[in-house]
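Undergrad: Got a structure here, written out as structure tokens. Questions coming.
The values are calculated or read from the model by the stated rules, or taken from the named source; none is laboratory data. Here the structure is a predicted model, which means the values were calculated and not measured. Counting neighbours? That spans all protein chains shown, and the Cβs are built from the backbone with ideal geometry, glycine included. Protein only, heavy atoms only, side chains kept; ligands, DNA and RNA dropped before computing areas. Shrake-Rupley method; radii C 1.70, N 1.55, O 1.52, S 1.80 Å.
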Amino acid sequence: MAVTSSQINKFIKEQLQEWPMAAGNFEALKGVKVKELDVDGMTVKVQFNPARIVSSSAKVDAKSLKERKCFLCGANRPEVQRGIEWGPDGKYIILINPFPIFPRHLTIPDQRHVDQLIYERVEDMMDLAHELDEYTVFYNGPKCGASAPDHMHFQAGNSDFLTIAPALEKAELKEIAKDGEATLYLVDTLPLNVFVVDAKDHKEGARLFKRLYDALPQKEGETEPMMNLLCYATPAGERLVVIPRKQHRPSFYGMEGEGKMLLSPASVDMGGVFITPLEKDFVKLDADLVRTIVDELCLSNDEIAAVAERL
């Protein structure tokens with residue numbers, strides 16, 4: 001079932017008229033504090049968003065997941081939360097996210113309760129980004145910011161929000177591999193190291209992604225290599241940004257006392273907009289701390305070069 005950006009924009013407006021709690025959270029976005037940082041030439045925004053404490057502080061250990069009801073399953077969602085079926089056989093359902101970061105924020109879960117795994121779904125992600133051409137579709141790995149790692153889902157938000165896309169427009173893209181008209185690049189000139197797949201043909205793009213996936217380091221006992229993905233439409237086709245990770249949360253997340261900061265970076269943060277649910281962290285976060293977070297969570301130059309060699 002195909003969708004369009006205008007159809008989804010209309011759906012969001014209708015849902016906000018029907019759902020006062022979600023409407024209040026979207027309205028509150030207009031008043032959130034935002035500041036801009038220059039991190040090695042890339043603009044990074046910091047947003048103070050108290051409503052996101054639900055996600056930032058989510059317990060994602062196996063015991064906690066087992067004990068709570070899954071908020072993405074149809075039986076547990078609020079009655080007022082309607083959805084639009086999408087994908088082959090209506091495999092996914094498009095919902096508004098009631099705790100938004102973006103002015104237009106969606107969650108797109110699988111209709112079934114299945115684990116958060118990307119390998120066989122990246123083509124779906126590119127198809128969705130193609131249809132929702134005003135949106136960036138994103139994926140958080142089970143240990144990379146997903147607050148529901150037990151239920152497969154994408155999210156999406158309006159594409160003019162994240163700062164990584166304009167940064168990539170100015171960056172040097174080093175070609176690593178090709179499959180038909182799809183190309184895999186390495187970008188190692190931003191504050192964080194990323195791979196980029198540009199593809200008009202999503203099957204070719206998915207094959208390149210799988211080559212990269214197989215070359216990424218995977219921790220023992222983990223279900224997939226750690227990563228965040230962003231995908232959006234460009235005049236040349238869909239652009240898939242792959243951000244390899246090595247840690248779930250920065251060291252100061254679990255600290256006690258003054259050093260503690262409640263930051264659990266996911267795709268949005270890695271895409272250039274850091275979300276702080278506590279005002280003290282909003283005030284404290286500066287370019288040096290962003291560099292520390294990136295160094296702790298993302299692959300180093302040597303580690304990223306080793307992945308490129310395996311390709």
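Undergrad: What is the projected area of the convex hull of the Cα atoms of the stretch 65-110, averaged over all directions, in nm²?
TA: Averaging across all directions leaves 4.0 nm² for the Cα convex hull.
Undergrad: To continue, here is another question. With Rg and the Kirkwood Rh both taken from Cα atoms, where does Rg over Rh land for the stretch 92-209?
TA: 0.96
Undergrad: Cysteines of the chain lacking any other cysteine beta carbon under 4.7 Å?
TA: That list is C144, C231, C298.
Undergrad: Magnitude of the Cβ-charge dipole of the stretch 209-292, K/R +1 and D/E -1, about the Cα centre, nearest 20 debye?
TA: 220 debye
Undergrad: What does the net charge come to around V39 if you take all other residues with beta carbon closer than 13 Å to its beta carbon, with K and R at +1 and D and E at -1?
TA: Once positives and negatives cancel, what remains is -4.
Undergrad: Within the stretch 199-240, whose backbone N sits under 13 Å from a point 7 Å along Cα→Cβ of R310?
TA: The answer is 210-220, 224-227, whose backbone nitrogens lie closer than 13 Å to the label point.
Undergrad: Let me ask something additional. Need one number: nm distance between label points at A23 and E175, each 7 Å from Cα along Cα→Cβ, rounded to one decimal.
TA: So the two model labels end up 5.3 nm from each other.
Undergrad: What does the charge count around E303 come to, taking other residues whose C-beta lies under 12 Å from its C-beta (Lys +1, Arg +1, Asp -1, Glu -1)?
TA: -1
Undergrad: Mind checking Rg over Rh on the chain, alpha carbons, Kirkwood formula for Rh?
TA: Here the Rg-to-Rh quotient is 0.93.
Undergrad: Now for a separate question. Name the residues whose placed amide hydrogens come within less than 5 Å of the amide hydrogen of T43, ignoring near sequence neighbours (fewer than 5 apart) on the same chain.
TA: none
Undergrad: In addition: With the cut-off at 26 Å, tell me which of the pairs K69/K143; K69/K210; K219/K280 have Cα atoms farther apart than that.
TA: The pairs that break the limit, which is 26 Å between Cα atoms, are K69/K210; K219/K280.
Undergrad: Then there is this: Taking only protein heavy atoms and a 1.4 Å probe, what accessible area per residue, in Å², does the chain have with all protein chains in place?
TA: The answer is 44 Å² per residue.
Undergrad: Based solely on C-alpha atoms, express the radius of gyration and the Dmax of the stretch 170-290 in angstrom.
TA: Over the stretch 170-290's Cα set, Rg and Dmax evaluate to 16.7, 54 Å.
Undergrad: Oh, and also: Within the P(r) computed for the stretch 170-213, what percentage of the Cα pairs occupies the region above 14 Å?
TA: Here the long-distance tail beyond 14 Å is 42 percent of all Cα pairs in the stretch 170-213.
Undergrad: Multiply the residue gap between D115 and K10 by 0.36 nm, knock off their C-alpha separation, and tell me the result in nm, one decimal place.
TA: Here the segment from D115 to K10 would lengthen by 34.8 nm.
Undergrad: Separate question: First compute the accessible area of the chain with a 1.4 Å probe, then give the percent of it belonging to carbon and sulfur atoms.
TA: 51 percent
Undergrad: Which listed residue (A199, M261, A215) has the Cα farthest towards the positive end of the charge dipole for the stretch 187-284, taking +1 on Lys and Arg C-beta and -1 on Asp and Glu C-beta about the Cα centre?
TA: Of the candidates, A199 comes out farthest on the positive side.
Undergrad: Quickly rank 272-279, 217-224, 87-94 as a protection proxy: mean count of other C-beta atoms within 10 Å, highest first.
TA: Per-residue mean Cβ counts within 10 Å order the peptides as 272-279, 87-94, 217-224.
Undergrad: In whole angstrom, how long is each semi-axis of the equivalent ellipsoid of the stretch 124-174, when you take the square root of 5 times every eigenvalue of its Cα gyration tensor and sort them from largest down?
TA: Each semi-axis is √(5λ); the values are 22, 15, 10 Å.
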